[in-house]
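Encoded as structure tokens, the structure appears first; notes follow it.
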Amino acid sequence: MLRSSRGDAMNERFTEPHAVPPSTSVARRIYLDFTHLGRHVTGIERVTIEQFQKISFPGADVRPVRARGILSMILRQQFLIPLLAILNPSARFVFPGFPPSPLMRLFARSRTILYVHDLFLLNRRQDLGLKARLYMAVPFGIAVRGLKHFMTNSEKTRRELELVAPSDARIALYRPKVDNVFDLADRSQREPADPEELRIVALGTVEPRKNYLAAAAIVDAIAARGHPSARVDIIGREGWGNETERLRAHPRVQLRGFLTSADAKAAIESADVYLCTSHDEGLGLPLIEVQFAGLQVAAPDAPVFREVLGASGLYIDPAKPDEAADIILAAMTDPHWRANAARAAAANVARWNAAAELDAARIAALLVADWEAAQPNGAARTAGT
């Protein structure tokens, strides 16, 4: 395969070439932005690893771009990748985590593909940490309003993106396949919970969007209904916002912080219910991940959670803790509630992963195909939809 000598020099210094399939005479070069990997692993990093780092794309000459440290990440995101776009005019550039440099809109608008996890950087700025507001919000806004090709993690995110993306944008659904990342065992055959105690678990960074104060209020309501020792274990690092101290002082809340995989496994398997009270999510992947333990999952009655949980979820209004407590406890009146919840959870995991596998096959084809002629969603998008 013929290559530009200048482009090759830059590629060898800053990327890790993947082997091109021997049956492919001319492979499409694709650069993957992995510069944000290697730090702490959040949802964005996990999706990047599972959907891009661990996946092979037949027919593509894949070149991951990595970084070491914050300064290296910034320089490569903002300047190196745009330079590679100039040196490689036929290459595509995929950004599965951080938004691309605004320069990509100038040099590679139609060759840049942004994976959109959610639109919080635009519509929930009040819930963002300082770093996200300063470094990510502005380039994200430029990208979603100016680029042409996108992937999203859910139908909900896709619908929101359609409202702000250009009318000629192509938006492909790429839902992540869910694996048993905590190596959970189905605990549905355990003895019923002690009537005096009910253990609830939540997973995610302690920050305003997660709305953990609502979870505390729901646990208080459960305690008042015959479970005086009920508590909620919150697994996740302490982030931004002013809720941490109030949660730490709450007698029925235990902030577990970041846990090792073994400790997280033990905490999830010992729980009776997984509780989500988020104001909003782009997807909410942990809700499916904990279902490998057969857990009953309670979540807000909102489209994204119904998309993720289907018929397996308990749907609540976090703003109404008494009603939420009644819904959760009512589900436990059946003596076989654990087994029923486990069957529903297993069916939901299978449903989701079947859809995700179809997405993966479509995306693998799209990355090496002509997006202008292809139909990323199975149907061409029309302006205003």
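Against the condition out of contact with any helix residue (DSSP H, G or I) (no Cβ under 6 Å at 6 or more places or on another chain), free of Cβ contacts under 8 Å to residues at least 24 places away in the same chain and surrounded by fewer than 23 Cβ atoms within 10 Å (Cβ to Cβ), how does K265 come out, does it pass? Before the answer, list the steps.
Numbers: out of contact with any helix residue (DSSP H, G or I) (no Cβ under 6 Å at 6 or more places or on another chain): yes; free of Cβ contacts under 8 Å to residues at least 24 places away in the same chain: no; surrounded by fewer than 23 Cβ atoms within 10 Å (Cβ to Cβ): yes.
Spelling it out, it is not the case that K265 is out of contact with any helix residue (DSSP H, G or I) (no Cβ under 6 Å at 6 or more places or on another chain), free of Cβ contacts under 8 Å to residues at least 24 places away in the same chain and surrounded by fewer than 23 Cβ atoms within 10 Å (Cβ to Cβ).
Can you tell me which residue within the stretch 276-296, out of those that are outside any helix (DSSP H, G or I) and among the acidic types (D, E), is surrounded by the fewest Cβ atoms within 10 Å (Cβ to Cβ)?
D280
Out of the residues in the stretch 93-125 that are within 12 Å of T157 (Cβ to Cβ) and of a type outside the set (A, V, I, L, M, F, W, C), which is farthest from the chain's Cα centre (by Cα)?
Ranking the qualifying residues of the stretch 93-125, first place goes to N123.
When residues of the stretch 106-128 are filtered for being more than 18 Å from N88 (Cβ to Cβ) and of a type in the set (D, E, K, R), how many remain?
Qualifying residue count, the stretch 106-128: 4.
Residue by residue through the stretch 121-168, note down the ones that are in contact with a Pro (Cβ under 9 Å, 6 or more places away or on another chain) and either at positive phi or β-branched (V, I, T) (or both).
The answer is V138, I142, V144.
Does at least one position in the stretch 344-356 carry a residue that is part of a loop (DSSP other than H, G, I, E, B) and more than 22 Å from N153 (Cβ to Cβ)?
No: the stretch 344-356 contains no residue that is part of a loop (DSSP other than H, G, I, E, B) and more than 22 Å from N153 (Cβ to Cβ).
For the stretch 194-212, give me each residue that is of a type in the set (S, T, Y) and at pLDDT 95 or above.
Listed by number, the list holds a single entry, Y212.
Within the bounds of the stretch 309-319, is there any residue that is under 17 Å from the mean Cα position of the chain (by Cα) and outside the structural domain of F120 (by TED's automatic domain parsing)?
Checked against the condition, which is being under 17 Å from the mean Cα position of the chain (by Cα) and outside the structural domain of F120 (by TED's automatic domain parsing), the stretch 309-319 yields at least one hit.
Every residue, every condition in (1) loosely packed, with under 14 Cβ neighbours inside 10 Å; (2) in a loop (DSSP other than H, G, I, E, B); (3) touching a helix residue (DSSP H, G or I) at 6+ places or on another chain (Cβ under 8 Å), yes or no:
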{"position": "A298", "(1), (2), (3)": "no, no, yes"}
{"position": "R306", "(1), (2), (3)": "no, no, no"}
{"position": "A342", "(1), (2), (3)": "no, no, no"}
{"position": "A361", "(1), (2), (3)": "yes, no, no"}
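So R252 fits all but one of (1) among the basic types (K, R); (2) modelled with pLDDT under 95; (3) within 18 Å of R231 (Cα to Cα); what number is the exception?
(2)
Under 22 Å from the mean Cα position of the chain (by Cα) and at pLDDT 95 or above, is that true of D179?
For D179, the condition - under 22 Å from the mean Cα position of the chain (by Cα) and at pLDDT 95 or above - is not met.
If we scan the stretch 317-331, do we find a residue that is at pLDDT 95 or above, assigned to a strand (DSSP E or B) and either over 30 Å from R170 (Cβ atoms) or β-branched (V, I, T) (or both)?
Within the stretch 317-331, none of the residues are at pLDDT 95 or above, assigned to a strand (DSSP E or B) and either over 30 Å from R170 (Cβ atoms) or β-branched (V, I, T) (or both).
The values are calculated or read from the model by the stated rules, or taken from the named source; none is laboratory data. Just so we're clear, the structure is a prediction, and the values are computed from it rather than from any experiment. Quick reminder, even Gly has a Cβ in these numbers, built from the backbone with ideal geometry, and neighbours come from all protein chains shown.
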